[in-house]
1. Is there a residue being under 25 Å from Arg164 (Cα atoms) and in a loop (DSSP other than H, G, I, E, B) anywhere in region 105-124?
2. Of all residues in region 130-146, count the ones that are part of a strand (DSSP E or B) and free of Cβ contacts under 8 Å to residues at least 40 places away in the same chain.
3. Take the residues in region 133-149 that are farther than 22 Å from Pro162 by Cβ and touching a Phe, Trp or Tyr at 6+ places or on another chain (Cβ under 9 Å); name whichever of them is surrounded by the most Cβ atoms within 10 Å (Cβ to Cβ).
4. Given the conditions (1) touching a residue at least 40 places away in the same chain (Cβ under 8 Å); (2) closer than 22 Å to Thr74 by Cα; (3) not β-branched (Val, Ile, Thr), report the number of the one that Asp103 does not fulfil.
5. Restricted to region 56-82, and to residues that are in contact with a helix residue (DSSP H, G or I) (Cβ under 7 Å, 6 or more places away or on another chain) and at pLDDT 60 or above, which residue is nearest to Gly131 (Cα to Cα)?
6. Can you tell me which residues in region 83-99 are surrounded by fewer than 14 Cβ atoms within 10 Å (Cβ to Cβ), in a helix (DSSP H, G or I) and more than 16 Å from the chain's Cα centre (by Cα)?
7. Quick check on my filter: what residues within region 150-173 are loosely packed, with under 12 Cβ neighbours inside 10 Å and without any contact (Cβ under 8 Å) to a residue 24 or more places away in the chain?
Amino acid sequence: MIRRAAHGGRVRLLPPRGPDPYKVQHQKLPPGITPARQSGAILMHSTTTARPGTTRRDSRGPSTARTRPSTPRTPQQQFAESLLAVLSGQRPAHSMLNLMFRDAYDQLLDLAPRTPFRTRGARPVVRRCDGFSPRRGVIEAFARISAGEQLRAMAFRLEQTPDRRWRCTALELGGERVPARA
């Protein structure tokens, strides 16, 4: 919580007032009931504080589910995720304006209204994205897109600009090149 300090008007990070919202409430169990037999209304680790999303409130213990990294590692992975969001209708096409040169952006504007990766069931995801660098500052990449049983592909070329940003110069979906607008 941020509060304004009384001296000089500087802003400092101060601890919150009142009871700790993450502190575990201790409950006394009736005789003969062990925490393992409890329905899950209390935490099994009563000596620790619980943070949202870190512990379960039942006897199975912490979740072992794997989570994806929050940010893609390579420029082609990052671009593939952004492009998929546009082509599946999750983001507007103009969100790609600063990531593409004019010809590639015109191709995207022709594709976006058709939303080729939109599905009714499972949400489309990038299964694999890899690239080849024919020379420094250029990446020719592909991405495999899956949604349920359906598997599609897209290919694109990224070039690094003098300001060290990667921008798309060409785009292909499913092996067929999309013609640029006249």
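1. no
2. 6
3. Ile145
4. Among (1) touching a residue at least 40 places away in the same chain (Cβ under 8 Å); (2) closer than 22 Å to Thr74 by Cα; (3) not β-branched (Val, Ile, Thr), the lone unmet condition for Asp103 is (2).
5. Applying the filter and picking the extreme gives Phe79.
6. Of everything in region 83-99, those that are surrounded by fewer than 14 Cβ atoms within 10 Å (Cβ to Cβ), in a helix (DSSP H, G or I) and more than 16 Å from the chain's Cα centre (by Cα) turn out to be His94, Leu97, Asn98.
7. Thr161, Pro162, Asp163, Arg164
The values are calculated or read from the model by the stated rules, or taken from the named source; none is laboratory data. Just so it is clear, the model here is predicted, and its values are computed rather than measured. Methodologically, a virtual Cβ is constructed for each residue, glycine included, from the backbone with ideal geometry; neighbour enumeration extends over all protein chains shown.
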